[in-house]
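Single-structure report; data block below.
The values are calculated or read from the model by the stated rules, or taken from the named source; none is laboratory data. Not measured: the values here are computed from a predicted model. Counting neighbours? That spans all protein chains shown, and the Cβs are built from the backbone with ideal geometry, glycine included.
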């Protein structure tokens with residue numbers, strides 16, 4: 001099947017990738033949104049003093 | 001008419017704050033538009049990698065790379081930006097020294113993934129599904145980048161010409177960098193484009209000659225004197241070892257400095273410098289007293305390496321560690 | 001941070017305790033020599049692949 005990839009998804013914060021598969025008729029057979037990033041906020045906030053967390057997590061998205 | 005410069009902006013493991021900081025330069029953006037064509041900025045416009053690849057090597061006058069290097073695609077982007085740019089700027093704390101994402105370096109990538117996909121309270125994943133770098137979907141193959149074993153700062157991957165520190169960088173220093181490029185009067189290679197002293201020099205609070213701390217306190221548990229130095233009140237502040245230029249923005253807002261502008265010149269390891277600075281202000285008559293005062297520090301590693309863990313001279317160690325949970 | 005705790009020492013020594021200072025440093029230097037160099041630390045092969053300078 002033909003695959004169209006949109007990489008990166010633009011005009012937003014963060015990373016995304018879209019894969020669109022077209023069948024022989026040129027219709028969309030399926031489309032996949034992929035998130036190609038990992039930063040780990042869920043882990044590295046563990047053990048931090050609670051009053052520091054509001055100074056760390058805004059860096060998830062600066063927009 | 002002189003040929004316009006070419007600028008490129010590459011995001012990596014970032015939050016977008018650096019790119020918003022560019023927009024925060026307000027009307028100076030018009031000067032940037034006059035000065036340069038933007039050949040790559042996917043956060044703002046619909047660019048793809050092929051647009052940057054099509055620029056001849058060295059064809060980008062100044063490349064601004066923001067975000068930490070966290071996966072193998074980021075490594076590719078760092079090398080691509082280095083090849084295409086005459087001048088490469090590590091833009092923002094993440095590119096400068098790893099930033100907040102480099103806090104992940106306290107754990108292995110597998111431990112992080114285990115938390116994200118298996119144990120974090122907000123996830124329901126009984127089959128233990130994990131992202132794969134390649135996946136055979138019924139229609140065809142899907143691929144995503146591989147997360148690296150640790151987060152890196154930009155200069156640990158490619159040669160960097162300048163650093164614009166901060167989380168986020170401040171408009172006045174972004175403007176200073178743009179003006180340096182426009183005038184052709186660039187500072188020596190490797191310059192961190194910000195102040196040259198420590199945050200204490202810009203801090204509006206009163207400092208006495210002697211700092212003598214007998215107890216460390218958490219900022220929200222005390223009624224703190226708004227005029228007096230935070231460290232003197234026993235509140236951890238990274239100001240003494242942090243480069244200035246931010247006009248002590250966090251202190252002005254009533255919070256302690258957390259070191260986002262990185263270390264001052266001639267400091268090899270910011271965390272070590274901070275540990276030493278904090279230890280030196282403790283007043284104690286006996287070893288036992290000193291141990292007690294320092295024992296009250298609840299998260300020294302997190303305070304001293306908040307934004308710069310990737311650049312720690314200790315590297316990313318995998319020794320014995322107690323579980324936090 | 002995963003560093004062997006024996007590699008960090010905090011001692012309180014007065015400026016007038018020169019002998020204590022010298023001994024503390026000597027003892028610690030010996031201890032570190034016995035421990036040997038710190039392990040290199042985690043690196044990712046993708047970063048080591050090419051030269052840093054493009």
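On the given criteria, is residue B:136 in a strand (DSSP E or B) and either within 14 Å of chain A (Cβ to nearest Cβ) or buried (at least 16 other Cβ atoms within 10 Å of the Cβ) (or both)? When the stated conditions are applied, residue B:136 passes them. Could you please let me know if residue C:13 is within 23 Å of residue B:275 (Cβ to Cβ), touching a strand residue (DSSP E or B) at 6+ places or on another chain (Cβ under 8 Å), within 14 Å of chain B (Cβ to nearest Cβ) and at pLDDT below 90? So residue C:13 fails the test. For segment C:33-54, filtering for residues that are modelled with pLDDT of 85 or more and loosely packed, with under 15 Cβ neighbours inside 10 Å leaves 6.
Anything in segment B:40-77 that is under 29 Å from residue B:316 (Cα atoms) and within 9 Å of another protein chain (Cβ to nearest Cβ)? List them, or say none. Passing the criteria: B:68, B:69, B:70, B:71, B:72, B:73, B:74, B:75, B:76. With respect to (1) more than 11 Å from chain A (Cβ to nearest Cβ); (2) in a loop (DSSP other than H, G, I, E, B); (3) in contact (Cβ under 8 Å) with a residue 24 or more places away in the chain, the lone exception for residue B:89 is condition (2).
The criterion of at least 2 residues that are out of contact with any strand residue (DSSP E or B) (no Cβ under 6 Å at 6 or more places or on another chain) and modelled with pLDDT under 90 is met by the following helices (runs of 4 or more DSSP H) wholly inside segment B:210-325: B:270-280, B:287-295. Among the residues of segment B:139-159, the ones that are surrounded by 13 or more Cβ atoms within 10 Å (Cβ to Cβ) and at the interface with chain A (Cβ under 9 Å from one of its Cβ atoms) come to 8 in all. Residues that are touching a residue at least 60 places away in the same chain (Cβ under 8 Å) and within 13 Å of another protein chain (Cβ to nearest Cβ) within segment B:254-277 comprise just one, B:260. Taking the conditions (1) touching a helix residue (DSSP H, G or I) at 6+ places or on another chain (Cβ under 7 Å); (2) within 25 Å of residue B:317 (Cβ to Cβ); (3) part of a helix (DSSP H, G or I) in turn, residue B:155 satisfies each one other than (1).
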